[in-house]
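First comes the structure, then the notes that go with it.
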Amino acid sequence: QVQLVESGGDLVQPGGSLRLSCAASARLFSTYHVDWYRQAPGKQREFVARITSGGNTNYIDSVKGRFTISRDSVKNTVYLQMNSLEPEDTAVYYCHAFKVLTNYWGQGTQVTVSS
């Protein structure tokens, strides 16, 4: 069983920055692919970014150039650096770790972008 704990969510003004963290309890966390998803009020959960076990990354178009996903295999942690935040980025952000036949979700962390 892998436990994922997200942190770093906060209230921030438009144009501001936040760094989210997803800390995992598992050994060999580096063998998992990890996604960040988000869910805004009244909307479906949507994919935001992915980092594979090999370090490849991809993003939804709306965050390209603003968000960066990275991982620290020593700390068993995946990060989401979010810059130039917009009100439309307001959501609960979830970490999702997976590999063949197994996947895990964190409990989420709230990001609110508002003046």
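The values are calculated or read from the model by the stated rules, or taken from the named source; none is laboratory data. Because the structure is a prediction, the values reported are computed rather than measured. As a convention, Cβ positions derive from the backbone with ideal geometry for all residues, glycine included, and neighbour counts pool all protein chains shown. What goes into the accessible areas is simple: the full protein's heavy atoms, side chains included, and nothing from ligands, DNA or RNA. Shrake-Rupley method; radii C 1.70, N 1.55, O 1.52, S 1.80 Å.
Would a scan of the stretch 19-35 turn up a residue that is among the acidic types (Asp, Glu) and more than 19 Å from Val111 (Cβ to Cβ)? Lay out the reasoning, then the answer.
Pass one, the stretch 19-35, residues among the acidic types (Asp, Glu): 35.
Adding the requirement that they be more than 19 Å from Val111 (Cβ to Cβ) leaves none.
Looking through the stretch 19-35, none of the residues is among the acidic types (Asp, Glu) and more than 19 Å from Val111 (Cβ to Cβ).
Any idea which residue in the stretch 68-115 is surrounded by the fewest Cβ atoms within 10 Å (Cβ to Cβ), counting only those that are among the β-branched types (Val, Ile, Thr) and closer than 19 Å to Arg27 by Cβ? Lay out the reasoning, then the answer.
Step one: list which residues in the stretch 68-115 are among the β-branched types (Val, Ile, Thr), which gives 68-69, 74, 77-78, 90, 92, 100, 102, 109, 111-113.
Going one step further and asking which of them are closer than 19 Å to Arg27 by Cβ, we end up with 74, 77-78, 100, 102.
Numbers: Val74: 7, Thr77: 18, Val78: 30, Val100: 5, Thr102: 10.
The selected residue is Val100.
Just checking, does the stretch 17-35 include any residue being open to solvent by less than 60 Å² (accessible area, probe 1.4 Å), in contact with a Lys or Arg (Cβ under 8 Å, 6 or more places away or on another chain) and over 21 Å from Asn103 (Cβ atoms)?
The answer is no; no qualifying residue exists.
Report the residue count in the stretch 94-103 for those that are more than 12 Å from Trp36 (Cα to Cα) and in a strand (DSSP E or B).
3
Working only within the stretch 1-16, note down all residues that are within 17 Å of Val113 (Cα to Cα), in a strand (DSSP E or B) and open to solvent by 50 Å² or more (accessible area, probe 1.4 Å). Walk me through it before giving the result.
Initial filter on the stretch 1-16 (within 17 Å of Val113 (Cα to Cα)): 7-16.
Add one more test, that the residue is in a strand (DSSP E or B), and what stays is 7, 11-12.
Selection gives Ser7, Leu11.
Is there a residue in the stretch 5-26 that is touching a helix residue (DSSP H, G or I) at 6+ places or on another chain (Cβ under 8 Å) and basic (Lys, Arg)?
So in the stretch 5-26, the residues touching a helix residue (DSSP H, G or I) at 6+ places or on another chain (Cβ under 8 Å) come out as 14.
Applying the additional criterion that residues be basic (Lys, Arg) yields none.
Within the stretch 5-26, none of the residues are touching a helix residue (DSSP H, G or I) at 6+ places or on another chain (Cβ under 8 Å) and basic (Lys, Arg).
Could we say that Gly15 is in contact (Cβ under 8 Å) with a residue 40 or more places away in the chain and over 14 Å from the mean Cα position of the chain (by Cα) here? Lay out the reasoning, then the answer.
On the way: in contact (Cβ under 8 Å) with a residue 40 or more places away in the chain: yes; over 14 Å from the mean Cα position of the chain (by Cα): yes.
So Gly15 fits the description; yes.
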